[in-house]
1. Could you compute the net charge surrounding ARG108? Neighbours are other residues with a C-beta less than 12 Å from the C-beta of ARG108; K and R count +1, D and E count -1.
2. Taking the Cα-to-Cβ direction at LYS70 and at ARG108 and moving 7 Å from each Cα, how far apart do the two end points lie in nm?
3. Calculated FRET efficiency, LYS142 and MET199, Cβ-Cβ r, R0 25 Å, to nearest 0.05?
4. Which of the pairs LYS142/LYS163; LYS70/LYS163; LYS85/LYS182; LYS70/LYS172; LYS85/LYS142; LYS143/LYS172 have their Cα atoms more than 24 Å apart in this structure?
5. Quick one: dipole size for segment 145-189, taken about the Cα centre, charges +1 on Lys/Arg Cβ and -1 on Asp/Glu Cβ, in debye to the nearest 20.
Amino acid sequence: CLRLVFRRTEKDTGWILPLLGRRLPFFLFCGCCMLVSELQHFWEKEHKAPTEGQAMSLQVQVNDVGAQLKEQHEHVKAEIIQISKAISEEVADAAFPSWRLELLWQLRDFANDLHKHFDLEEEGGFMRDVLDIAPQHQHAVKKLEAEHVTLATSLNQTIAEFKALSLPNHEKLGAIRSQLDKLFHSLRDHESVENELIMNTYLRDEGGNT
């Protein structure tokens, strides 16, 4: 009985193998075409250009960073004016300790705000946006990043020297005042370059070099 069933099955299905033999190249070709089509679809999906909505969302994010930077610039300028005024005051010896402590705190706050400002530029996307939108500004970006380290180091050193001035000393105080004036001048130049990059980047003015 089993032999009869086997012969019957072989008789009914024997036509399939010759057919597959003749059609196998065609089936393989169709399979390859389907695979290529799926791979092309995947590639286009992964590398497609951003939609209009995505581009608008990116622009809003970029503008938010630019607005934060401008706000911080104004705050830093106000602190510089306040510190410059305080360091230029004529202080009596009796009032020196309280004046020194108040100015020391102002310098500490200023240093902290300056570090936050640098963090926003480096980590908040500003530097990356500049290079994405206007790659020709790469040299300016690298220069600004290097200046961040120099400015922060110089400020911390000046603060340490001022803190060490426990007693009135007009000569040392004058040297500290000169250091701060030089630091503030360098910082203003630094901010000027940043403002120019903000204008060129966030207003999409990609025509010039910095």
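The numbers here are math on the coordinates, done by the rules we state, and not lab data. Treat the numbers as computed from the prediction; the structure is a model and nothing was measured. Cβ sites come from the backbone with ideal geometry, for glycine too, and all protein chains shown count toward neighbours.
1. On the way: positive: LYS163; negative: GLU79, GLU102, ASP109, ASP113.
So the surrounding residues net to -3.
2. 3.4 nm
3. 0.85
4. Among LYS142/LYS163; LYS70/LYS163; LYS85/LYS182; LYS70/LYS172; LYS85/LYS142; LYS143/LYS172, the Cα-Cα distance tops 24 Å for LYS142/LYS163; LYS70/LYS163; LYS70/LYS172; LYS85/LYS142; LYS143/LYS172.
5. Details: 5 positive and 6 negative charges, 43 e Å.
I would put it at about 200 debye.
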